[in-house]
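Quick note: the coordinates plus some simple rules give every number you see, no bench work behind them. Since the structure is predicted, the reported quantities are computational estimates derived from the model, not experimental observations. With ideal geometry, Cβ positions are generated from the backbone for all residues, glycine too; neighbour counts draw on all protein chains shown.
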Amino acid sequence: MSLDTNLDKILIIDFGSQFTQLIARRIRELGVFSELVSHKKITSNHINNNIKGIILSGGPLNVYQLSQKTFDKRIINLGIPILGICFGHQILSKFNGGKVKQSKHREFGLAKIYKKNNSILVKNFFNKKKTNLVWMSHADQVSKLPKNFNVIASSQNSKFAVVENRSKKFYGVQFHPEVTHTKNGKKFISNFIFLICRIKKNWSSKDQKKKLIKDVKKQVGGNKVICALSGGVDSSVVAQLLNKAIGKKLYCIFVNTGLLRKNEEKQVVETFKKRLKINLIYVNAEKLFIKRLNNISDPEKKRKIIGNLFIEIFERYAKKIKNVKFLAQGTLYPDLIESKSVTGSHTSKIKSHHNVGGLPKKMKLKLVEPLKFLFKDEVRKLGLELNLSKEIISRHPFPGPGLAIRMPGIITKEKINILKDADHYFIQALKKNNLYNKIWQAYAALLPVKTVGVMGDNRTYEYLCLLRAITSEDGMTADFFEFKKSFLQMISNKIVNSIRGINRVVYDVTSKPPSTIELE
Ligand code: XMP
């Protein structure tokens, strides 16, 4: 194993906590390079002068399970400042002669800690009452402090919530400063890296871009990579990153399902093929999708048909490109956290979300997932660094099954065309009124209900159009966006007056839960 660059860095030694990547993210946000390595791989021989501080992460083990073989504890005594978090705090104490045992009271979730002594580590961390709310997640705890360690803060159940050995620059913390639930957690990490490790800022999104390109090159070598491009933010950023890294060895497959937003296929071809000169294979499968969806109204059946057909087409085209070794995917960090259930329980299936995750097993391809340690906002920043337009980067999410799940009931070409227009007018109006970026996701849907209206002197009997616009952090929960009456009036008029087939518009004011964001 060799460490990544000769930049000064904070080394994060991973003992398997679900939060380890968050530590890396906080350090990135503070403008400092960090490198994450498994405790099984790093030895004291790897430690060099570029390492200005070490963070020992949390983890699911207990300290007595950690064997000599899987962790080289000589790393602890090389004179480098160390911050142990949760399990990391427990091993730091144990290796220095302290004791760890199972807590009488396990602590999970928010806990109040009380400041006992001053330390540079907690500068501006506590409130005026010398308390703070922090996020705990542990069953074991330090029961006896090693010699020359002092208590900086305690909670009701953890006497040694924050400790230090100032002369050796050893610090231990039972809670998780890296999670946002810990108030001022970032300040805590900032104090450690800047005031104790004295590292200087040396990391930006430009550096991130260079590093990711280098990593992709290293992973795929001279091999061919295929990528399913949807035109959404994540797959667009992956495609452009790979384009920069391996150029013509990348083959992007874009399937026009006929269920995309108005003119979307033209925009994708224009952007990726013409402007960014990406190797793009455009597959027009509109007719096939309509045919397979004929007379289908069950939401889950629609999703399955679309997912399977997508894979079928993708495989067919991928096979034509000989000797492909890798499949690139826009997996993000939250996808990884969610797929690793913390409690081991299975969340109940609400909808079968469609992505290309099922492909590699069948096709025996290795995965390239360059965004898997990034969050959405970091991906957006990276996209801008990669010269993708603001328009692509700030697009609202769009589901894989597309307009099919915004059209309850059976799907016809006529209905698709009506819906594309309604959605287009709605989104254009949001952009024109500077509302688009205040809304997390917005769309029009076409309900399988006809109602009576009057236009001129004539009776009409046409479809109902539903508008949905929500605010959200991550799509898991959502609330409806509050429009002014004048906006709703204007867009309702525009849609009814411009589109034959719709004579009534309603606005959806349900939150998620109890509703979902999409209709099906
Ligand atoms: P729901 O309807 O489950 O949607 O509240 C939450 C978010 O997920 C998007 N969504 C999908 N995205 N494939 C996707 O890639 C899908 O099958 C799918 N279904 C829903 C939805 O647009 C919203 O942003």
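A few notes on this one:
- Computed log10 I(q)/I(0) for segment 205-393 at 0.08, 0.10, 0.17, 0.19 Å⁻¹: -0.27, -0.42, -1.22, -1.45, from the Debye equation with unit scatterers placed on every C-alpha and solvent omitted.
- Angle in degrees between helix 485-498 and the longest Cα principal axis of the chain, rounded to the nearest 10: 40 degrees
- Cα centroid separation, segment 196-218 to segment 403-437 (Å): 41 Å
- Model label zone, Glu29; criterion: amide N under 19 Å from point 7 Å along Cα-to-beta-carbon; scope segment 126-156: 126-127, 132-137
- Antiparallel content of DSSP bridges confined to the chain, in %, to 5: 50 percent
- Sorted by Cβ neighbour density within 10 Å, fewest at the top, the residues Arg166, Arg459: Arg459, Arg166
- Looking at segment 436-520, the DSSP beta bridges with both ends there are about 75 percent antiparallel.
- In the chain, the longest principal axis of the Cα atoms and the axis of helix 299-320 are about 80 degrees apart.
- Dipole magnitude of the chain, debye to nearest 20 (Cβ charges: Lys/Arg +1, Asp/Glu -1, about Cα centre): 1480 debye
- In this simple spin-label model, placing a label point 7 Å from the Cα along the Cα-to-Cβ direction at both Asn157 and Thr510 gives a separation of 3.8 nm.
- Placing unit charges on the Cβ atoms of the charged side chains and taking the dipole of the chain about its Cα centre, the candidate lying farthest along the positive direction among Ile281, Leu403, Asn6 is Asn6.
- Debye, to nearest 20: dipole size of segment 9-196, +1 on Lys, Arg Cβ, -1 on Asp, Glu Cβ: 580 debye
- Once C-alpha pairs closer than 8 Å and six or more residues apart are averaged by separation and normalised to the residue number of the chain, the relative contact order reads 10 percent.
- Distance from the alpha carbon centroid of segment 75-112 to that of segment 1-66 works out to 16 angstrom.
- Antiparallel bridges, percent of DSSP beta bridges restricted to segment 1-154 (to nearest 5): 50 percent
- Projecting the Cα atoms of Leu386, Leu419, Cys252 onto the charge dipole of the chain (Cβ charges, centred on the Cα centre) puts Leu386 farthest toward the positive pole.
- Sorting 404-415, 427-438 by their mean Cβ neighbour count within 10 Å, with the most densely packed peptide first, gives 404-415, 427-438.
- Global geometry of segment 9-196, whether rounded, prolate or oblate, following the gyration tensor of its Cα atoms and the 1.5 cut on a/c: rounded
- Cross-link pairs exceeding 29 Å in C-alpha to C-alpha distance, out of Lys40/Lys94; Lys123/Lys438; Lys274/Lys301, comprise Lys123/Lys438; Lys274/Lys301.
- 0 to 90° range, to nearest 10: angle between helix 205-220 axis and the chain longest Cα axis: 80 degrees
- Of Lys69/Lys206; Lys129/Lys168; Lys287/Lys364; Lys218/Lys372; Lys302/Lys381, pairs whose Cα-Cα distance is over 27 Å: Lys69/Lys206; Lys129/Lys168; Lys287/Lys364; Lys302/Lys381
- Contour minus Cα-Cα distance for Asn150 and Asp479 (0.36 nm per residue): 113.7 nm
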